[in-house]
Each structure stands twice: as C-alpha cells, then as structure tokens.
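This report refers to the structure that appears directly beneath it.
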Amino acid sequence: MSYAHTDKFYINGEWVDPLSSTPIDVVNPATEEVFATLSMGTAADIDRAVAAAKEAYKSWGRTTPEERLAVLERVYEVYKRRFEEFAVAISTEMGAPISMAREQQAAVGLSHLKAMIRALKSFEFEKTMPNGDTLVRGPIGVCGMITPWNWPINQIVLKVAPALAAGCTMVLKPSELTPISAILYAEVLDEAGVPAGVFNLVHGEGPEVGAALSRHPDVTMMSFTGSYRGGTAVSADSAPFVKRVALELGGKSPNLIFADANLEEAIESGIDSVTGNTGQSCDAPSRMLVEASVYDRAVELAKSAAEAIAVGNPAEEGTHIGPLASEAHFNKVQSMIQMGIDDGATLVTGGTGKPDGFETGYFVKPTVFANVTNDARIAREEIFGPVLVMIPFKDEEEAIELANDTDYGLSSYIYSGDRDRISRVARRLEAGMVNVNGNYIASGSPFGGYKQSGIGREGGVLGLEEFLEAKAISAF
C-alpha cells in the first residue's frame, strides 16, 4: 500500500512542502523493506507551524465548549469510518500483528476520544467558589506535542483530543519511525473540519525539530511521551520560558502475585501483558514479584506460558506477537538480554538471537529470567521488549518495599484473592495506576505516573485539565 503526503507537512489547513528537507526511509520491521519515504523538517518549518497555530488561537481559543464538542464528534465519526486504514498502517509501520493493531492499537483512537467527549460534556469551565469568587478555566494556548512510536495513535489522540476540547491550538511532531498513522490522523482532522491552523503536523528528528518546538517562545505548553532522556531534554529546553511541561515517560512496573491468587491465571495474564505489543509498552509489568512459597511453581508456569507465546508475521491474523519496531531497538533489547545472562540471572527461557524461522525482521524471543535481585540492571532499567524478570518476596511488607524500590512509578499490578489485601497494598504502591487481577484501567481514567515516570496525567477529565489554565474573578 502506498501512502500520500509523506513528503509534505500539514500546516494552516494545507499540505505544504517543507522549506528544506532531508528524506528518510520508513521501514517495515517485519520485512526490513522500505515502504515509504518521509520528508524531515527543520526549525524553520516549526516556526511556520507555530505561527499558524498562534494565529488560529485568536479564534479557536474563544470558541464555546459546544462548538468544540461538535468538532470532536465529527472527528470521531471520520476516524470510525477510516478505522481499518489505521490498523493496517500501524501494523505496517511498527509491526503490531494486524489483529492486535485492530483490536487495541487502532481501537484506542476511538475509546480515548469517546472518553474525552464524555469529559467535555460534563466539565465545568466556570463555577462559583464557596468564597463567592468565580473560577474560570480556559485554554493554555499554543501546545507542542511530541509522540513516540510504540503506541502511535494512542499517544496522538491522548494529546490532540484534550487540546481540541480545551480550545488550544497545536503542533505535533510524531516519531519518524511511525509517521503514517500521524499523517492519517491529520487527514481525519482536516476532513472533520478542524479549522485551519488549529492542528499542524511537522516531521523531524527530536534534537532539531523537537527541540525547536520546545524552545519556541510562542509555544506555551509542551506535552511529551517517550524516554526519560527525551523528557529531561524537553524540560530543559522549555525551562527558560517557564512553560508548562507534561511528560509521560518510562516504567519498570511491578506485578505482585500473592500465594492466595489463582496462580495459573495470574502467571498467564502476567506473561501476556509483558509480551503484548512485543513488550513495547511503558506500563508493561516487567518485574514479576512472587510470594516465596509459590515462587518455584510460578517460574515453571512462566516458562510454559512464555514458550506458548507464538511469534509470527504481523500481516496475518492471530494472537501472536510481531517484531520489535526497528533495528536499533532490536539491538538494544538483545544487549539487555545478554546483560542479564552476564550478570548471573537464571535464563528460564528465550535468550538472545531471533526465533527459529525468522532470519528477516526484528523478531525476538519471549524471555524470562528468574533468581533476579531488585538491584540488577535488568530489574531497574526499562528493556522495552518481551523480557520478564522474576523476583521472590517473603511477605506483604517486602512485596511493597520491592515494588516501590524503583526510579519509576508508572503502573503496577496485583493478583490476590484477598480483597482487603488488594485495597491495602494498592494504596501503598507508588504508582499512578494499579491493575487488579487482570482488570486494566478503563479509557477516561488518568494515565501517568510517579517519580521518573513523568509529570501530569493523560485521559479523561485530568487529561483535559492539563491543557487548561485557571483564573479567579472576584465577586462583583
């Protein structure tokens, strides 16, 4: 399939040529074949896009919630009609198996937007406070957005939808590894009638185009999803302008499995969660903490469950996992697996190299390490692949201590048959999300974390509030 507009940017409601461009190849990670050529921009293109957003803000920032709601509802309908295009594009550009791309990757583009529509319908932009003054919430202004490759449309919608709902205008720089879904979304917004200049799209590398966006004096907020290193760069570039920064960064999420859980279901669910999307999820439960009395049995079950995970062609329907998204990321994951072996962890299954029959493509073996200590590098650093480390704990107190002993705090998971324990432990975990007994938080709940996992929240009402400023007006 060929894609339009890969050589252009979307600025001020039009597909325009870059002011100067360096073309790069967009590679299918399953075949290692080039399927598109993308034009990469410069700081001058960012200047042009920000100027369009600044001009559009003069009118869009004064629209009513009802006017913005109508636009969001049109976006929803156009996206729904073009849904299969997103599934195919995501499968092609980042290797998600087509079934998963359809049922999860593309599907969140609808569920998050629907949740934002609900939030907008009920949100109070003005209210009288108990002291008699009026609290007014209004848009923060022109927003810069930088999104990653692992859940491309998920992160775009989680930023664009609340910005539109708030009355902000924006410039998006998506990952150059997965640009197609961003281009399709720009087409959706255009078809839905989002006014010219409200949404703008510029492709480019982070150190040039991303930095130009963060450093631009007319950008009042930066919303970034990606690595810790990228997040700190955005923060540093934004600091001289004292602009708001929202960061959704990495994780090393603990999965606490107690002896009173249904062990077979807990282990199978944990393996499915850490290998889903080929492990390329920031909230993946990559540290499995298991009560010591059932630890040995849990290791056996994890081995069986991981070896039952099929690796396959992402173009084919099924429940298999696909490749990693790029050669560079494949090499990084391979080095982390080798590090675990070199540091003395027990390799239960998997390991380095590609699975049998996959000489072409960035495919990797589902891997499980046991007898890992929480100070090991594979237990502390985000691997971002289908790699699980298993750590025993003796009691509830140690489980909580191990879970919180991390620089991150994005998500967490608990499996237990004791409701009181679940409630007690969940409230002590230093994480932005707690998923219980295989139940995952729903669209509209806030997504984000503690510590080095980021600043702020995405999704639903709290996601909308990220793009709003508060104003107090005295009683009169």
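Worth a mention:
- Dipole of segment 254-430 computed with +1 at Lys/Arg Cβ and -1 at Asp/Glu Cβ about the Cα centre; of Ser335, Val294, Val372, farthest Cα towards the positive end is Ser335.
- A full extension of the chain between Ala239 and Thr373 corresponds to an added length of 44.5 nm, given 0.36 nm per residue minus the alpha carbon distance.
- The chain - mean residue ellipticity at 222 nm from DSSP helices (-39,500 (n - 2.57) per run, n ≥ 4, rounded to 500): -11000 deg cm²/dmol
- Lysines with Cα under 30 Å of Lys451, excluding same-chain neighbours fewer than 8 positions away: Lys114, Lys159, Lys173, Lys243, Lys252, Lys332, Lys394, Lys471
- For segment 73-226, the Cβ-based charge dipole about the Cα centre amounts to some 400 debye (Lys, Arg positive; Asp, Glu negative; other atoms uncharged).
- Separation in nanometres of the label points that stand 7 Å from Cα toward Cβ, at Asp342 and Arg74: 5.7
- Around the Cα centre of the chain, unit charges on the Cβ atoms of Lys, Arg, Asp and Glu (plus for the first two, minus for the last two) sum to a dipole of about 1380 debye.
- Which of Val425, Gly357, Ala310, positive extreme of dipole for segment 254-430 (C-beta unit charges): Gly357
- Sites Leu19 and Arg62 - FRET efficiency at Förster radius 35 Å, r taken between beta-carbons, to 0.05: 0.70
- For Leu201, the amide hydrogen comes within under 5 Å of the amide hydrogens of Tyr10, Ile11, Leu172, counting only partners 5 or more places away or on other chains and with H modelled in the peptide plane.
- Test item: Cα-centred dipole of segment 254-430, Lys/Arg +1 and Asp/Glu -1 on Cβ, debye: 180
- Scattering profile of segment 382-476 at q = 0.22 Å⁻¹ [log10 I(q)/I(0), Debye over alpha-carbon scatterers]: -1.27
- Projected label distance in nm at Glu103 and Asp418, using a 7 Å step from Cα toward the beta-carbon: 3.4
Quick note: the coordinates plus some simple rules give every number you see, no bench work behind them. Note that the coordinates shown come from a computational prediction; the quantities given were computed from them, not determined experimentally. When we count neighbours, we look across all protein chains shown, and the Cβ atoms used for this are built from the backbone with ideal geometry, even at glycine.
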